[in-house]
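> Got a structure for you, questions after.
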Amino acid sequence: SAVARAQEALGINRALMAELGTPESRRDMYASLKELADFKYFRTGYIDGLSALPHYEEALEIARAFMVELGTLESRSDVSVLLERIADIEQAHGDLDGALAYCAEGLELDRALKVELGTPESFSRVSIWLKRIAVIEQAGGNLDGALARYEADLAIRCALMAELGTPESRNDVGRALNQVAVIEQARGNLEGALVRYKANLEIRRTLMTE
């Protein structure tokens, strides 16, 4: 099976890394760990996520070391992807604190990339992390924390709308407004929620006429 082959490759690459310790052997070890974890994770989704978790965590340690050594966009992207995958598993299995810690690390990493690159894609990556953290905060009952994250996401979406002016960017602002409104309503701030809902409605009306 694919999993059996991946496990065999991992054993071989682990032995080679222990013997050689070269960047190439470490890269092969990283690739084997991620491949095996992906097989387990995507085969049954979150159900089998816990068995993939140790492989992702070991791959993350290697990826972090490469990021420190190389500092390349690819090495930082590798870390970001693994942080997201591990946070998914932690959150799905109820470890909200663990998921929050990985998301916070991912947010810090992609915020630095946003400053460096300044591309719409780098802004969107930060937005994704903010929303993920907001969902976790909300699940843990921290509505103030969730609101702060959703408002930060809204600010990013507004900046992208101002820069791009596309229907998609305006739709993203509408969604962000709605998320803020939902939290405000849950906090009992009905006036604040209403303002956000009305702003979202205006965007929806505009999009319908285009």
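> Kindly check whether there is at least one residue in the range 72-95 that is under 15 Å from the mean Cα position of the chain (by Cα), aliphatic (A, V, I, L, M) and more than 28 Å from Leu160 (Cβ to Cβ). Let's see the steps before the verdict.
Step one: filter the range 72-95 for residues under 15 Å from the mean Cα position of the chain (by Cα), giving 76-92.
From what is left, the residues that are aliphatic (A, V, I, L, M) are 79, 81-83, 86-87, 89, 92.
Restricting the remaining residues to those that are more than 28 Å from Leu160 (Cβ to Cβ) gives 89, 92.
Checked against the condition, which is being under 15 Å from the mean Cα position of the chain (by Cα), aliphatic (A, V, I, L, M) and more than 28 Å from Leu160 (Cβ to Cβ), the range 72-95 yields at least one hit.
> From the residues in the range 132-142 that are surrounded by fewer than 19 Cβ atoms within 10 Å (Cβ to Cβ) and part of a helix (DSSP H, G or I), which one is modelled with the highest pLDDT?
Filtering the range 132-142 for residues surrounded by fewer than 19 Cβ atoms within 10 Å (Cβ to Cβ) gives 135, 139-142.
The next check asks that each one be part of a helix (DSSP H, G or I); those that pass are 135, 139.
On the way: Val135: 96, Ala139: 93.
Of everything passing the filter in the range 132-142, Val135 is modelled with the highest pLDDT.
> Here is a follow-up. What residue, among those in the range 11-42 that are of a type outside the set (D, E, K, R) and touching a Ser or Thr at 6+ places or on another chain (Cβ under 7 Å), is farthest from Glu57 (Cα to Cα)? Steps first, answer last, please.
Step one: list which residues in the range 11-42 are of a type outside the set (D, E, K, R), which gives 11-13, 15-18, 20-23, 25, 29-33, 36-37, 39, 41-42.
Add one more test, that the residue is touching a Ser or Thr at 6+ places or on another chain (Cβ under 7 Å), and what stays is 13, 16-17.
Details: Asn13: 17, Leu16: 20, Met17: 17 Å.
That would be Leu16.
> Does Glu69 fit the bill of being over 27 Å from Ser1 (Cα atoms), open to solvent by 50 Å² or more (accessible area, probe 1.4 Å) and in contact with a Pro (Cβ under 9 Å, 6 or more places away or on another chain)? Even if it seems obvious, please write down each step before you answer.
Values: over 27 Å from Ser1 (Cα atoms): yes; open to solvent by 50 Å² or more (accessible area, probe 1.4 Å): yes; in contact with a Pro (Cβ under 9 Å, 6 or more places away or on another chain): yes.
Judged against the criteria, Glu69 is a match.
> Of the conditions (1) open to solvent by 60 Å² or more (accessible area, probe 1.4 Å); (2) touching a residue at least 12 places away in the same chain (Cβ under 8 Å); (3) more than 17 Å from the chain's Cα centre (by Cα); (4) closer than 25 Å to Pro120 by Cα, Arg149 satisfies every one except a single condition; which number is it?
Here Arg149 clears every test but (3).
> Search the range 87-102 for residues that are modelled with pLDDT of 90 or more and pair each with any residue that is of a type in the set (Phe, Trp, Tyr) when their beta-carbon atoms are under 7 Å apart and the residues are at least 6 apart or on different chains.
Listed by first residue and then by second, the contacts come to Ala87/Tyr102; Ile89/Tyr46; Glu90/Tyr102.
> Is it fair to say Ala159 is assigned to a helix (DSSP H, G or I), out of contact with any Pro (no Cβ under 8 Å at 6 or more places or on another chain) and open to solvent by 40 Å² or more (accessible area, probe 1.4 Å)? Step through it out loud before you land on a result.
Details: assigned to a helix (DSSP H, G or I): yes; out of contact with any Pro (no Cβ under 8 Å at 6 or more places or on another chain): yes; open to solvent by 40 Å² or more (accessible area, probe 1.4 Å): yes.
The answer is yes for Ala159.
> Working only within the range 13-45, note down all residues that are in a helix (DSSP H, G or I) and either in contact with a Gly (Cβ under 6 Å, 6 or more places away or on another chain) or loosely packed, with under 13 Cβ neighbours inside 10 Å (or both). Can you show your working first?
Just the residues of the range 13-45 that are in a helix (DSSP H, G or I), to begin with: 13-20, 23-45.
Passing the criteria: Ala15, Ala18, Glu19, Leu20, Pro23, Glu24, Tyr41, Phe42, Thr44, Gly45.
> Which of the residues belonging to the range 109-126 are of a type in the set (Gly, Ala, Ser) and over 14 Å from the mean Cα position of the chain (by Cα)?
Going through the range 109-126, the residues of a type in the set (Gly, Ala, Ser) turn out to be 112, 118, 122, 124.
Correct list: Ala112, Gly118.
> From Gly174, Gly188, grab the single residue that is open to solvent by less than 60 Å² (accessible area, probe 1.4 Å) and assigned to a loop (DSSP other than H, G, I, E, B). Give the steps one after another, and end with the answer.
Values: Gly174 fails: assigned to a loop (DSSP other than H, G, I, E, B).
One residue alone meets the criteria, Gly188.
> Just the residues that are open to solvent by less than 10 Å² (accessible area, probe 1.4 Å) and under 20 Å from Ala112 (Cα atoms), please, taken from the range 72-98.
The first filter runs over the range 72-98 and keeps only residues open to solvent by less than 10 Å² (accessible area, probe 1.4 Å), leaving 75, 79-80, 82-83, 86-87, 89.
Once the filter is applied, which keeps residues that are open to solvent by less than 10 Å² (accessible area, probe 1.4 Å) and under 20 Å from Ala112 (Cα atoms), the range 72-98 yields Ser75, Val79, Ser80, Leu82, Leu83, Ala87.
> OK, next. Only one residue in Leu160, Leu177, Leu207, Leu154 is closer than 23 Å to Glu121 by Cβ, in contact (Cβ under 8 Å) with a residue 12 or more places away in the chain, of a type in the set (A, V, I, L, M, F, W, C) and touching a Lys or Arg at 6+ places or on another chain (Cβ under 6 Å), so which one is that? Explain how you work it out, then say what you get.
Numbers: Leu160 fails: touching a Lys or Arg at 6+ places or on another chain (Cβ under 6 Å); Leu207 fails: touching a Lys or Arg at 6+ places or on another chain (Cβ under 6 Å); Leu154 fails: touching a Lys or Arg at 6+ places or on another chain (Cβ under 6 Å).
So the residue among Leu160, Leu177, Leu207, Leu154 that is closer than 23 Å to Glu121 by Cβ, in contact (Cβ under 8 Å) with a residue 12 or more places away in the chain, of a type in the set (A, V, I, L, M, F, W, C) and touching a Lys or Arg at 6+ places or on another chain (Cβ under 6 Å) is Leu177.
> Hey, Met208 hits all of (1) open to solvent by less than 50 Å² (accessible area, probe 1.4 Å); (2) of a type in the set (A, V, I, L, M, F, W, C); (3) more than 30 Å from His93 (Cα to Cα) but one; which does it fall short on?
Failing condition for Met208: (1).
> From the list Ala52, Ala101, which one is under 24 Å from Ile136 (Cα atoms) and open to solvent by less than 10 Å² (accessible area, probe 1.4 Å)?
On the way: Ala101 fails: open to solvent by less than 10 Å² (accessible area, probe 1.4 Å).
The unique qualifying residue is Ala52.
The values are calculated or read from the model by the stated rules, or taken from the named source; none is laboratory data. All figures in this text were calculated on a predicted structure; none of them were measured in a lab. So basically every Cβ, Gly included, is an ideal-geometry build from the backbone, and we count neighbours across all protein chains shown. Accessible surface is based on the protein model in full, side chains and every heavy atom, while ligands, DNA and RNA are left aside. Shrake-Rupley method; radii C 1.70, N 1.55, O 1.52, S 1.80 Å.
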